[in-house]
Structure formats: structure tokens, C-alpha cells
1. Under the 0.36 nm per residue contour assumption, what length would be gained going from the current alpha-carbon distance of ASP653 and THR607 to full extension?
2. Between GLU376 and residues 5 or more places away or on another chain, which pairs have amide H atoms under 5 Å apart, with H built 1.01 Å from N, and which residues are they?
3. How much net charge surrounds GLN730 when only the other residues with a Cβ under 15 Å from the Cβ of GLN730 are counted, with Lys and Arg +1 and Asp and Glu -1?
4. Quickly work out the ALA496-to-ARG349 label distance, labels modelled 7 Å from Cα along the C-beta direction, and quote it in nm with one decimal.
5. Sorted from largest to smallest, which semi-axis lengths in Å does the alpha carbon gyration tensor of region 390-538 give for its equivalent ellipsoid, taking the root of 5 times each eigenvalue?
6. Provide, for q = 0.17, 0.25, 0.29 Å⁻¹, the log10 of I(q)/I(0) from a solvent-free Debye sum over equal Cα point scatterers in region 714-782.
7. In terms of modelled amide H atoms, which long-range or inter-chain residues lie less than 5 Å from the amide H of PHE510?
8. Would you kindly calculate the translational diffusion coefficient of the chain, applying Stokes-Einstein with the Kirkwood radius from alpha carbon pairs, for 37 °C and a viscosity of 0.692 mPa s, and quote it in µm² s⁻¹ without decimals?
Amino acid sequence: MSPHPSRRGFLGAAAGTALALSVPGTAAAAPRFAIGDKDFLLDGKPLQIRCGEMHFARVPREYWGHRLKAIKAMGLNTVCAYLFWNYHEWREGQYRWDGQRDAAEFCRLAQAEGLWVILRPGPYACAEWEMGGLPWWLLKHPGDAFLRTRAPSFVQPARRWLQEVGRVLAPMQLTQGGPILMVQVENEYGFFGEDRDYMRLMRQALLDARFDVPLFQCNPTNAVAKTHIPELLSVANFGSDPERGFKALASVQQGPLMCGEYYSGWFDTWGTPHKRGDNARAIRDIDTMLKANGSFSLYMAHGGTTFGLWGGCDRPFRPDTTSYDYDAPISEAGWLGEKFRTYRECLSRHLAPGETLPAAPAHLPVMAVPAFALSETAPVFANLPEAAIRDSSPRNIEQYDISRGLVAYSVTLPPGPAGKLEVANARDLAWIYDGGRLAGTMDTRQRRFSVDLPARTRPTRIEILLYTIARVNFGVEIHDRKGLQGPVVLRTKDGAAEELKGWGIRAIDFGADGELPPLRWQAKRVAGPAFWRGSFDAKERADTFLDMSSWGQGIVWINGRCLGRYWSIGPTQTMYLPGPWVKAGRNEVVVLDLTGPRASRIEGRTTPILDELHPERDLPRPARNARPNLAGLTPVHTGQFAGGPATQEVKFDGPARGRQLCLEVVDSFDGKPHAAVAELALLGPDGKPMNQSAWTIAYASSEEAHKEDGGALNAINGQTSDYWHTAYGQEVHPGPARLIIDLGASTEIAGLRYTPRQGPDTVTGRIRRYRVFVGDGLVRQL
Ligand code: GLA
């Protein structure tokens, strides 16, 4: 099929709106920036966009200029910036663009450094950001499938948001003398849905908001064709194989080739190994793209830090670390090391005639802070607000207008025998106290939602302290409502289950910026969840890295400003504290620790610790010592995948019902005894991928843990760039490679969608023949 000459579409949109907006004297002028047949055109001449991503919300405002200088010095000519809707509208209808949120100022600074800007205002962003940038209050609406659709409950607020973006940033477009070259519509929508009319609606919302520069959409290579519309330029996102990405683009349109996100590294999630990018490969790929007359945007040029409580969460539930260093060429603290040097060296070979690179900006000062003690405490339970919400059974917190934070639930139990306290859902972590004694924890990561309670001889108060960490930022699982969700039942040994009613609910809502509530301090150590306070004196206002490795889990504030979350399970053990947020003289540090520190001291280091895992510091988790239990079972499906990296869908002969699904590998394309899966989604009877928020890995024959992160959760986290890989750096498992997913409840499964490990055809583990089992007892606990 010959590619549609969609160029007419791009120019049509831009020129049409430009005319409508024109002011006398400029009406006839052709737009300075346009999309040509093969090139981007600036003032009629081809422009190769060498772009790098940086999120102003993740960099202290005082350092924006420094980082933009570094981006320019690396050899880039454009900076790409997401807007996170929830960052600007945390409370419905209350928009904020002050301080750290001053997007227009960021554009002005970029322009002053000689950089163009690509703007990505959403409404959805992804980006390892709370709920992918969508505001939590959308979840007050019922339903599990309305976000990112044409449902009015989504479209109306989304249009309002884009209108507000236009008010603030339309004047920063190139057409009005600003640096904004292009604007992205939505984000990787093809990864999520297939409703092209939804994309058209979002495009129209941007046109209505007075955006008149070219508009585009981005999608991973595999999803480019799915939601391409001629009105938008398509660009492809990938971290390898640029030839394939560019081919996918050429198959849907005639126009310049661009990689919308080239992954320089990758993000980290709590409890999994620190990720690093393959530098040599990146340099090769960038070189390839530029030689092919292509353009690109590095994701990330500079990752920075997800300060405050803005971190997102991979699915099913893998919260992202506060450090967003990303192994990017400009480090979290703006350091320019070997990686920066090799990028600069590569890019300097591709400059436009007459273009020269400025010198890299100077290294910013770093300081050590001697260890200081935090000796005052404010126990959480003693500092909850007086007023309680009353409800017969707990509902998700959005229903109570609580955005995020600490939520304490209490109920009184009459005397009675021992039993199991069970809740339908507890997002994200909860500590259960029985008459003031810690009875156990609930943990959404393992879908562990029950705790044993002893017998009671008198009425006993049950208190549940719930901590929300982050809303999932990817997939249909973004409908991530928080809190304890009823019914809550007490199940006794004889099987009797009684629903517990009459709850009191008190919350510390940390709000948009991690606002601290008024706290009553005492000068003594305590056990259990508490705020801790101490201070240090600084002689200079320099960067430092607070070492949190002797603490448990919680949040840090510096001089009243919320720095972010920490969790000593790692891999990040330090917190980047930027110099401008330090005061010369006394600095107050407050730490919320939910599990209690091993030593209540902190020191500031001169280097970060980003790669130290401590699983032994995690909440107790059930040992995963399950075995597959497939003897005598007939597979519901036996098949053979196609070679190559393309996503493939398989329909079973008929829907199968069960709580578990086992993918058993018969052999792999490379003939080696290994298997890898980038993504495994299951299709419901409607042919659509199912919601995975209740899924856990029930069994994996083995997982590579030494040479790379081959953890089985990678197969169901929605990211095609990481993958489950059977072990090879340690002992190789002798039997067939098997992955068993537990869906949380018996479900009708009509088929599956498999994404092979990405990359060239030489990668190991791409599955050839396989078998699928579905049932309720596919694993046996040892
Ligand atoms: C996708 C998204 C980005 C980001 C990256 C992973 O490509 O578009 O926002 O989430 O994945 O870092």
C-alpha cells in the first residue's frame, strides 16, 4: 500500500489555524516551521531535530538554566518537556503555574540558550509520574475504563486543561515569536487504545486552545500503525533498532523520520536492580538516525529527581524511585561525565553548517554534611486530625476527597474468637494494630490483604494505618483508586465471616506539595510510625546526598519542603538535596518513617548511592516456594510464535476459565535453553487486554538476577523494553521455562498478546513453540 501523503494534513492544520489567528501584517507569512516531505523545515531549510527531554518539575528551578546549558553543550538543539496536568491542577479548577511550575519561564530560558522546545501537554503523559500526569480527582467518577477515552467525564476536564495550557503557552509558540516548534497530542496512545476518534478529539482540543504549530503523536514502534491518523505526524519511540522504527513510520506516512523517545537509560523501581543504558549502542543508534536524515529526542537527556510525592508506579504495582537519574548523560545532580562526553563527541559530528557547540557549564559545588541526629518525634497516631469521617464500610479515599497520604481507619471489635481480618483491597501498604499491638501488614505488591487477629476477651480497637505511595502511570491500571476498600470481614476458624461496620477514618492528606500537618513534637525516641525532626548547620548552599540507608520507609522534608520518598530496600539509598534548597545556617529536616529507623541519624554524602538493594529490609513477604502443578493437565492452547520482535495475538479455540495461566516454553528461536518475554497480556472474551492490577507472579521457573534484571514481573509491567529472562548468570533451571500468572480471581481468558524481547534478531530467548494452561490450581505451595 502506498503511504498516504499526509503532509497536506500537517500543513493544513497548522496553516489553517494560523490564518484564523492572524494579526494584521503577519497573515500572509508562511509558518517558519513546517513538516516537509522528507524533512522538518525551518525557514524553508531542512532542520534535523536533535532533542533531549528534561522535565522542569524534576529539576530545581534555580538549576533550569544550568541544565539547559548542558543540553545545548551536549550537541542538542531542542528540549522536550512534558506538562503534567495534575502538577498544575491538583484541585479541580485551581490552576498553578508559580515557582517550580512556571512552564513559560522554562520556555523563555530554553530560548535564551538557543534551544527550540517540543511541548507534550498530555492530557496523559506516563513518565513515571503519579497517575501518568492525570489528576486524582478524575477518579471520583465511577468506572474502570473512562480515562483516556471519549467519555465526557474525561473529555470535558481534559479539554479545560488544554484550554488552560493554550492560555499560558500558546504565546510561546514559534508562530508568536517563542521557541515551541511542535506540540504532541496525548502520549503513546497506541499502547493503550485504538480509538482514532479519541486522538482526533484531543488534537481538536489543542487547535481550539490556539496551538497552531505542527502537531504530532508518538508511539512505540510496534504501535505506530495502530492509531496513526493523517492529521498528525507520527514519530516512533524505541531504545534500539532505529531502522525498524523508521520503517514503521515510512509505512504509514510520507514525512520526516523521527524517534520521539530514544532511551538513553531507564528508570528504577523500588526493590529492583538499578538500570543502566548501553552507551555504545546508544551512540551507534544516534549516529544511524542522524545519517538517515532522521531526528530524535533523547529520553532522558537529564532525568533529575521526582521530588515531592510525584513518583509514579509501574503495573501491576511497582512504585518508581525518587531518583530519576535514568542513567542519562546529564546525571541527576547535573554532572557531566563520560556518557555526556561521548554523546557530545558523537553529536558534534552532525552539526549543521556553521553551528558550533558552547563549552559545558561548570560543575556545581557539592558538600558533605556530618552525621546529625533526629531526636524529636511526633508519633503518627497522636498527630492525626481530631475530626473523623464516619462510614459504615471503607470506600476508596477519592470518595472522601482525600488525595493521598496517611489514612487511619478504626473500628471496635466485640469479644470473640481469633480470626482473619480480610479486606477487598488495600492500596498501597497498611499496618494493622490490634489494641495498639502490630498484628501484621497488608501489601498490594503481593495482593496480601489479610491479617490474623487473636481472640478477644473484651472490646478491642482495631486501627489500620494506610500509606499511599503512587498511582499507576501506565495502562488501563491508571484507574488506581487508593485506600482500604471494603467489605472488611472477620473470618473465624469455623468459616463464619462477619462484615465489620462502623468505621472512623482520619487522614493526613499531603496534598499537592507534600504539606506537613501541624505536629506536636516530643524529645524522645518512639517505636512505630512517627515523624522525626533534627537539623544541621550548613556553611555553604551546595548540593548533597542525604544518606537514608539506616531508615525504614517514608518521606523527607527539608526546611518545610517535601524532598521525596525513600525506602531503604533500595536500589536508591540517598536523596539528592539541591544546594538552592539549603539555607546557610540551620536547616530543619523532618522524616516520616513508617517502620522505624535502625539509627535516627542522617549524613550528607558527596556522591549518590543508586544501586544498593536490601530486600531483607522489606516488609515481611510470603516466601515464593511454589511448584507448578500441571501433571495430567491438557493445554488450552499449543502454538508457535512468529520470529522477530513484533507483538502477536493468539486466540484460544474457546474461552478458558481459571485463576491462573501458565505459559510453558517448548523451545526458543535461537535454540538455547532460555526464554524471555517482554510483555504478556491476556485477552478477555471481548478481545481486549484485561486489567492487570490484581495480578501477581505465582511461579517462574527461574529469573535472571545477576547479569541483568530478568525478573518475571517485567513480563506484566506494561513496559516492552524490559523483560522476564530465565536465569543464565546463576544456575540454569533444567526443566521447561514456565511463567504462571495469578489473576487474583477466576476469569474467562480468550487469548493472549505476546510481545517478544525487543532488539535485533540475535537476542536470546524469543519463544518459538509454547503451550498454555489455564486453571485454578496450577501451582502447589511447598
Ligand atoms: C514511555 C513513555 C514515557 C516514559 C517511558 C519510560 O515511552 O512515553 O513517558 O514513561 O516510557 O521511561
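1. Residue separation times 0.36 nm, minus the Cα-Cα distance, leaves 10.9 nm.
2. Residues meeting the amide H criterion: ARG533.
3. -4
4. Roughly 7.9 nm, to one decimal.
5. Taking √(5λ) for each Cα gyration eigenvalue gives 28, 21, 14 Å.
6. -0.85, -1.49, -1.54
7. Under 5 Å from the amide H of PHE510 lie the amide H atoms of ARG404, GLY405, LEU406, each far enough along the sequence or on another chain.
8. Here the translational diffusion coefficient equals 120 µm²/s.
The values are calculated or read from the model by the stated rules, or taken from the named source; none is laboratory data. None of the values given here were measured: they were computed from a predicted structure. Every residue, glycine as well, gets a Cβ built from its backbone with ideal geometry; the counts of neighbours run over all protein chains shown. Calculation scope for accessible area: heavy atoms of the full protein, side chains included, ligands and nucleic acids excluded. Shrake-Rupley method; radii C 1.70, N 1.55, O 1.52, S 1.80 Å.
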